[in-house]
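Asks: Following this message is one structure expressed as structure tokens.
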Amino acid sequence: MAGFERRDLPDHVEAVREAYAPESLVLDAAADFETIPPEAAEELGLLVDALDPVAYPPEWLPEDAPAQLRRYAGSDFTIGMPGDGTVVWTRQTAPPTVIAKKRAEGTPDDFLAFLFAEAFVEVSLDVPEHFLGFFEASYRDLDAATPLGPNETYQLAAALFDAWVGLRVREEFRSWEESRPQLHAAWVDAGDRLVDRLEHLSSEVATGSLSFTAATEYACAAVKHDLDLPAPFSALDTAAYREHGADYAVRWAEKTFEKLAE
């Protein structure tokens, strides 16, 4: 992976940056990545004022946690993890940094604009940049609550965190109908593309044509777009989840897998 370049934003996206994260630095990455390699992360350090790598206690992780998650929890400067999408952000730099992966070049302009706007809103909110900062020690409880393997537990946790963040950011997107119509339309359009999948989620899980974790990913992505969810996922689109966070997510997983086992 070779380097980063500063990115210029369209005026309507730059206006969102100025409104929500005016101090943020916006970069293009020269390659795609799940996690930025250490040598590239060092180069990123040359573009910002300071680095503040995050680290988490190892006892938060189950014994069989994926190696990449263990590396993220450690003291190494780690940006980006599996499932993060085309645009990622971090507060481990000063100022905060928003990075577009190489694949952004093939992303439709309106949707890419929405992804940048979403990143700026998330940077402005008091939310962690990864699910481990959300679940903390209760990640072990989530692991214990499911019969899933370590990689599927990772996927489930990432999806549940996505829904919790979605409960917050969608309030902003909803408010943009008149003030930022182009971005609001992109938010609506992205949600419309999920509607057909939502209609068949329960039956696909029941017949085994879709895994439970994949169904959860679709449902949790839909929370951000304010769509109606089928049971049992509808319990994640609640004020209770927004308020109680990780504890609620773990209890939801316990109850859901208990029912699936009946």
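Asks: Tell me, what is the FRET efficiency for R174 and E136 to the nearest 0.05, using R0 = 35 angstrom and their Cβ-Cβ distance as r? All intermediate terms of the calculation are to be shown ahead of the outcome.
Replies: On the way: r = 29 Å, r/R0 = 0.84.
It comes to 0.75.
Asks: Still on this structure, I have one more. Sort out for me the Cα centre separation of segment 14-73 from segment 100-178, rounded to whole Å.
Replies: 14
Asks: Per-residue ellipticity at 222 nm for the chain, helices alone: DSSP H runs ≥ 4 residues times -39500 (n - 2.57), over residue total, nearest 500 deg cm²/dmol? Each step should come with its number before you reach the end.
Replies: Values: 12 runs with 143 residues, N = 262.
About -17000 deg cm²/dmol.
Asks: Relative contact order for segment 17-87: what is it in percent, counting Cα pairs under 8 Å that are at least 6 residues apart? Walk me through the numbers before you get to the answer.
Replies: On the way: 46 pairs, mean separation 28.0, N = 71.
Relative contact order of segment 17-87: 39 percent.
Asks: Sticking with this structure for a sec: Suppose a student asked you for the relative contact order of the chain, using Cα pairs under 8 Å spaced at least 6 residues apart; what percent would you report?
Replies: Working: 355 pairs, mean separation 47.6, N = 262.
Here the relative contact order equals 18 percent.
Asks: Further, regarding this structure: Expressed as a fraction of 2.2 N^0.38 Å, the rule-of-thumb size for a compact globular protein of N residues, what is the C-alpha radius of gyration of segment 1-69? Don't skip to the answer; put the middle values down first.
Replies: Numbers: Rg = 16.0 Å, N = 69, 2.2 N^0.38 = 11.0 Å.
This ratio for segment 1-69 stands at 1.45.
Asks: Just the accessible area per residue of segment 108-239, please: how many Å² with a 1.4 Å probe? Please report the intermediate quantities before stating the final value.
Replies: Values: 5580 Å² over 132 residues.
Per-residue value: 42 Å².
Asks: Here is a further query. How big is the antiparallel share of DSSP beta bridges in the chain, given as a percent to the nearest 5? Mind showing how you got there, number by number?
Replies: Numbers: 9 of 13 bridges.
Roughly 70 percent of the beta bridges in the chain run antiparallel, per DSSP.
Asks: With springs only between Cα atoms under 10 Å apart, run a GNM on the chain and tell me which of D32, D126, D110 wobbles the most.
Replies: D126
Asks: Okay, next question. Residue by residue, what Karplus-based ³J(HN,Hα) values in Hz, rounded to whole numbers, does segment 50-66 have, using 6.51, -1.76 and 1.60 with θ = phi - 60° and x for Gly and Pro?
Replies: Each residue of segment 50-66 in turn: 7, 10, 9, x, 8, 9, 10, x, x, 6, 6, 9, x, 4, 9, 4, x Hz.
Asks: Once a ≥ b ≥ c are taken as the square roots of the eigenvalues of the Cα gyration tensor of segment 43-108, is the result rounded (a/c under 1.5), prolate (a/b larger than b/c) or oblate (a/b not larger than b/c)? Write out the running numbers ahead of the final one.
Replies: Working: a/c = 3.02, a/b = 1.34, b/c = 2.25.
Oblate shape, in that a/c is at least 1.5 and b/c is the bigger or equal ratio.
Asks: Beyond 32 Å, what share of the Cα-Cα pairs of the chain remains, rounded to the nearest whole percent?
Replies: Details: 7736 of 34191 pairs.
When every Cα pair of the chain is considered, 23 percent fall beyond 32 Å.
Asks: Same structure, new question: Taking the chain as a Gaussian network, where each spring joins two C-alpha atoms under 10 Å apart, which residue of S124, S202, S179 fluctuates the most?
Replies: Of S124, S202, S179, the most mobile in the Gaussian network model is S179.
Asks: Report, by chain and number, residues whose modeled amide H sits under 5 Å from the one on L25, excluding near sequence neighbours (fewer than 5 apart, same chain).
Replies: Distant-sequence amide H within range of L25: T97, V98.
Asks: Need one number: nm distance between label points at E199 and A144, each 7 Å from Cα along Cα→Cβ, rounded to one decimal.
Replies: The modelled label-to-label distance comes out at 4.2 nm.
Asks: Still on this structure, I have one more. I'd like the FRET efficiency for D110 and S75, computed as 1/(1 + (r/R0)^6) with the beta carbon distance as r and R0 of 51 Å, rounded to 0.05. Walk me through the numbers on the way to the answer.
Replies: Details: r = 40 Å, r/R0 = 0.77.
The formula returns an efficiency of 0.80 here.
Asks: If E34, E262 are ordered by their accessible area, calculated over protein heavy atoms with a 1.4 Å probe, which sequence runs from highest to lowest? Kindly include the intermediate steps, with their values, before the conclusion.
Replies: Values: E34 100, E262 175 Å².
My answer, sorted largest first, is E262, E34.
Asks: Output the peptides 44-52, 19-27 sorted from most to least packed, where packing is the average of other Cβ atoms within 10 Å over each peptide's residues. Working shown, then result.
Replies: On the way: 44-52: 13.1, 19-27: 17.2.
My ranking of the peptides, most packed first, is 19-27, 44-52.
Asks: Per residue and in cubic angstrom, what volume does the convex hull of the Cα atoms of segment 55-157 have? Display every interim value, and only then the final one.
Replies: Numbers: hull volume 12.2 nm³, N = 103.
Cα-based convex hull of segment 55-157, divided per residue, equals 119 Å³.
Asks: Here is a further query. Over segment 47-126, with every protein chain in place, what whole percent of the accessible area is carbon and sulfur at 1.4 Å, could you tell me? Provide the component values of the computation, followed by the final result.
Replies: On the way: 1740 of 3510 Å².
About 50 percent, which is the carbon plus sulfur part of the accessible surface.
Asks: Also: Quick one: compute the contact order of segment 154-221, relative version, from alpha carbon pairs under 8 angstrom and 6+ residues apart, as a percent. Intermediate results must be reported in sequence, preceding the final value.
Replies: Details: 36 pairs, mean separation 35.1, N = 68.
Averaging sequence separation for qualifying contacts and normalising by length gives 52 percent for segment 154-221.
Asks: Applying a 10 Å radius around every beta-carbon, put 228-239, 213-224 in order of their mean neighbour count, most first. The partial results should precede the final answer.
Replies: Numbers: 228-239: 15.9, 213-224: 22.0.
By packing density, highest mean first, the sequence is 213-224, 228-239.
Asks: If I histogram all Cα-Cα distances within segment 162-262 using bins 5 Å wide from 0, what percent of pairs lands in each bin?
Replies: 2, 13, 22, 23, 18, 12, 6, 3, 1, 0
The values are calculated or read from the model by the stated rules, or taken from the named source; none is laboratory data. Quick caveat: nothing in here was measured; it's all calculated off a predicted structure. Cβ sites come from the backbone with ideal geometry, for glycine too, and all protein chains shown count toward neighbours. Note: areas computed on protein heavy atoms with side chains; ligands, DNA, RNA excluded. Shrake-Rupley method; radii C 1.70, N 1.55, O 1.52, S 1.80 Å.
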